[in-house]
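The values are calculated or read from the model by the stated rules, or taken from the named source; none is laboratory data. Owing to the predicted nature of the structure, the values given are computational and were not obtained by experimental measurement. Note that we place each Cβ from the backbone using ideal geometry, even for glycine, and neighbour counts take in every protein chain shown. To get the accessible areas, we keep the full protein, side chains included, count just its heavy atoms, and leave off ligands, DNA and RNA. Shrake-Rupley method; radii C 1.70, N 1.55, O 1.52, S 1.80 Å.
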Amino acid sequence: MTWEVRQTRRFARTYKKLTNATLLADTDAAVMAVASNPDVGERKKGDLAQLWVHKFRSQGQLYLLGYTREDEVRLVYLEALGPHENFYRDLKR
């Protein structure tokens with residue numbers, strides 16, 4: 001059973017800028033993995049305690065898919081997408 005998935009504006013802007021077909025396919029696969037099982041990611045601590053992060057590789061580079069979830073209504077919000085470099089710093093802004 002899949003969860004309902006919604007995008008934030010930050011995620012939508014980043015996703016829209018993806019031009020590489022391989023990266024798009026890998027991102028779509030990561031979103032489907034999160035939609036089918038939100039426990040696939042790991043929960044962060046500290047300032048980002050509400051955030052879950054699913055890590056996946058595309059073209060030899062590590063990418064992170066940040067999301068939050070509401071268990072009561074089975075809803076996943078896609079928050080951010082990007083390479084590991086400066087991902088958490090940019091997310092705190």
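The set of residues in segment 71-93 that are modelled with pLDDT under 95 and among the acidic types (Asp, Glu) comprises Asp71, Glu72, Glu85, Asp90.
Test Tyr63 against the criterion of being in contact with a Pro (Cβ under 9 Å, 6 or more places away or on another chain) and without any contact (Cβ under 8 Å) to a residue 60 or more places away in the chain, and give yes or no. Please lay out each step first, then the result.
Values: in contact with a Pro (Cβ under 9 Å, 6 or more places away or on another chain): yes; without any contact (Cβ under 8 Å) to a residue 60 or more places away in the chain: yes.
So Tyr63 passes the test.
For Gly41, the conditions (1) within 12 Å of the chain's Cα centre (by Cα); (2) open to solvent by 40 Å² or more (accessible area, probe 1.4 Å) all hold with the exception of (2). Among the candidates Asp28, Asp47, Asp90, which residue alone is assigned to a helix (DSSP H, G or I), surrounded by fewer than 16 Cβ atoms within 10 Å (Cβ to Cβ) and in contact (Cβ under 8 Å) with a residue 24 or more places away in the chain? Exactly one of Asp28, Asp47, Asp90 is assigned to a helix (DSSP H, G or I), surrounded by fewer than 16 Cβ atoms within 10 Å (Cβ to Cβ) and in contact (Cβ under 8 Å) with a residue 24 or more places away in the chain, namely Asp47. For segment 50-60, the set of residues classified as among the small types (Gly, Ala, Ser) and either part of a loop (DSSP other than H, G, I, E, B) or in contact (Cβ under 8 Å) with a residue 60 or more places away in the chain (or both) consists of Gly60 only. A single entry from Val34, Val76 fulfils the requirement of being touching a Gly at 6+ places or on another chain (Cβ under 9 Å), of a type in the set (Val, Ile, Thr), buried (at least 16 other Cβ atoms within 10 Å of the Cβ) and not in a loop (DSSP other than H, G, I, E, B): Val34. Look at (1) modelled with pLDDT of 95 or more; (2) in a helix (DSSP H, G or I) and you find that Gly66 fails only one, number (2). Only one entry of Thr14, Thr22, Thr2 meets the criterion of being hydroxyl-bearing (Ser, Thr, Tyr) and not in a helix (DSSP H, G or I), and that entry is Thr2.
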